[in-house]
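**Student:** Sharing a structure below in structure tokens format, with a few things to ask.
The values are calculated or read from the model by the stated rules, or taken from the named source; none is laboratory data. Owing to the predicted nature of the structure, the values given are computational and were not obtained by experimental measurement. Note that each Cβ is placed from the backbone with ideal geometry, even for glycine, and that neighbours are counted across all protein chains shown.
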Amino acid sequence: MVPDRYYRAVAKPRKSDSKLKRRAQVVPWTALLQVGAILVRRWGALSARERARFTELVRESRGRVSNLSVKERLELRKLARKLDVKGMGRELIALGRGKRSHRRKRR
């Protein structure tokens, strides 16, 4: 028999929910799928050759347009216009707002 002074309380085991499982339940999966669909549709507007060139220019710039020559900047701008980045942004913002109106309420 073990004396009481050596007894150490042990927390009850929790349900088998892992942290990853709980986080996965919180993620708004439908919103992520809609974002993916928007991106795929816009990306599909470019031909395979244009997609490859766009990717090459973005990698070469390393996130800074100033790393590109003037000619490459113009080419990147042309491809970005074809992607309609502004329109994509509007769609994504509207998606984030959900059912809320984009107009401000008058007071």
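**Student:** In region 71-88, how many are part of a helix (DSSP H, G or I) and either charged (D, E, K, R) or more than 11 Å from Arg42 (Cα to Cα) (or both)?
**Tutor:** Of the residues in region 71-88, the ones part of a helix (DSSP H, G or I) are 71-83, 85-88.
Next cut, either charged (D, E, K, R) or more than 11 Å from Arg42 (Cα to Cα) (or both) only: 71-79, 81-82, 86.
Selection size over region 71-88: 12.
**Student:** A further question on this structure: Within the bounds of region 2-9, is there any residue that is part of a helix (DSSP H, G or I), over 22 Å from Gly89 (Cβ atoms), of a type in the set (Asp, Glu) and modelled with pLDDT under 90?
**Tutor:** First, the residues of region 2-9 that are part of a helix (DSSP H, G or I): 4-6.
Narrowing the set further to residues that are over 22 Å from Gly89 (Cβ atoms) leaves 4-6.
Then drop every residue that is not of a type in the set (Asp, Glu), which leaves 4.
This time we only want the ones that are modelled with pLDDT under 90, so: 4.
Scanning region 2-9 turns up at least one residue that is part of a helix (DSSP H, G or I), over 22 Å from Gly89 (Cβ atoms), of a type in the set (Asp, Glu) and modelled with pLDDT under 90.
**Student:** OK, next. Out of (1) modelled with pLDDT under 70; (2) within 30 Å of Glu91 (Cβ to Cβ); (3) over 18 Å from the mean Cα position of the chain (by Cα), the odd one out for Leu46 is which?
**Tutor:** (1)
**Student:** Among the numbered conditions (1) over 24 Å from Gln34 (Cβ atoms); (2) surrounded by fewer than 11 Cβ atoms within 10 Å (Cβ to Cβ); (3) of a type outside the set (Asp, Glu), tell me where Gly44 comes up short.
**Tutor:** (1)
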